[in-house]
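Asker: This is the structure I want to talk about, given as structure tokens.
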Amino acid sequence: MFMDKRGNKFVQVRAALSMPLAPLEYVVSWPVQMIGKLGKTVSSHDTLVKENLDLRAEQLLLKAQVQRLLAIESENNQLKALMRSSTQVQGKVLVGQVLSIDLDPFVHQVVLDKGSADGIYIGQPVLDANGVMGQVIQVSPLTSRVLLINDPHSGVPVLIARNGVRAIAMGDSYTSQLHLANVPQTADVKIGDVLMTSGLGENYPEGYPLGTVTSVTKDPGLQFATITVEPSAHLDRSREVLLVWPSRTVQAPPKPDSTVH
């Protein structure tokens, strides 16, 4: 070892001896190398799994944000349509929002975020951007309950815009649509006819759109025709509504007759 340290005579001998030892060195180092590679593989796999989970969470978050933006856009469009509709309504209007709906499938009522503190009164008509929704039936200081037109206890005096035929539109619990009550078989009613409020009732002023006739069945065995109406208002989708104070024309009382009898 001293001669090998101090001289170069044993260089060739050391080189010759290293040849048979090389395979042994490879065999000894192979497990260490494999463990190192396996550790790197496991580490890379864990990193990829973590990155994949992070990307999935980020994707879900982005999808939720997109859905929220779409909901906001839809709400803005509804408000714009509601504002356009409010310009066509005669009288004072107030925008309200639906807070809750009745869970009973046979009762069609909603609760609004406006009450007597806002001047809401029982019998007040309620519209959305497309037509008549219903009328207020109960008022508290901060909220009010609305009976929708497709409730079986609702009845709206209407007329057909095409010919002025009058009828009463009643709600239907099973179909969530409307039907015209007690219309004779001979009445001139056709599919596609547009119904408007007639103004003959105490709650709905004249000229508000109510719905469109979708079917007319005239059974000779029945006294009245079966007529189905699709409401114009989006009763199951509208979140914002218009509470209307109709402008009514007050007629002066007749002057007393000055003729002495």
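Asker: What does the charge add up to near LEU142, with Lys and Arg as +1, Asp and Glu as -1, over the other residues with Cβ less than 13 Å from its Cβ?
Answerer: Working: positive: LYS114, ARG145; negative: ASP113, ASP118.
Summing Lys/Arg as +1 and Asp/Glu as -1 gives 0.
Asker: Loop-only check: which trypsin sites (Lys or Arg not before Pro) in the stretch 163-233 are DSSP coil with at most 13 other Cβ within 10 angstrom? Write down the numbers at each step before the final one.
Answerer: Numbers: sites: ARG166, LYS190, LYS218; in loops: LYS190, LYS218.
Answer by residue number: LYS190.
Asker: Would you tell me the accessible area of THR226, worked out with a 1.4 angstrom probe on the heavy atoms of the protein chains, in Å² to the nearest 10?
Answerer: Roll a 1.4 Å probe over it and THR226 shows about 70 Å².
Asker: What is the distance in Å between the Cα centres of the stretch 209-244 and the stretch 134-152?
Answerer: If we compute the Cα centre of each part, the gap is 19 Å.
Asker: Could you run the Karplus curve 6.51 cos²θ - 1.76 cosθ + 1.60 with θ = phi - 60° over the stretch 217-229 and give me ³J(HN,Hα) per residue in whole Hz, x for Gly and Pro?
Answerer: Result, ordered by residue: 10, 10, 8, x, x, 10, 6, 10, 6, 9, 10, 9, 10 Hz.
Asker: Here's a follow-up. Using 7 Å Cα-to-Cβ label points, what is the GLN97/ASN52 separation (nm, one decimal)?
Answerer: The modelled label-to-label distance comes out at 4.2 nm.
The values are calculated or read from the model by the stated rules, or taken from the named source; none is laboratory data. It should be emphasised that the depicted structure is a prediction, and the values quoted were computed from it without experimental measurement. Using ideal geometry, Cβ is built from the backbone for each residue, glycine included, and neighbour counts are taken over all protein chains shown. Accessible surface areas use protein heavy atoms only, side chains included; no ligands, DNA or RNA. Shrake-Rupley method; radii C 1.70, N 1.55, O 1.52, S 1.80 Å.
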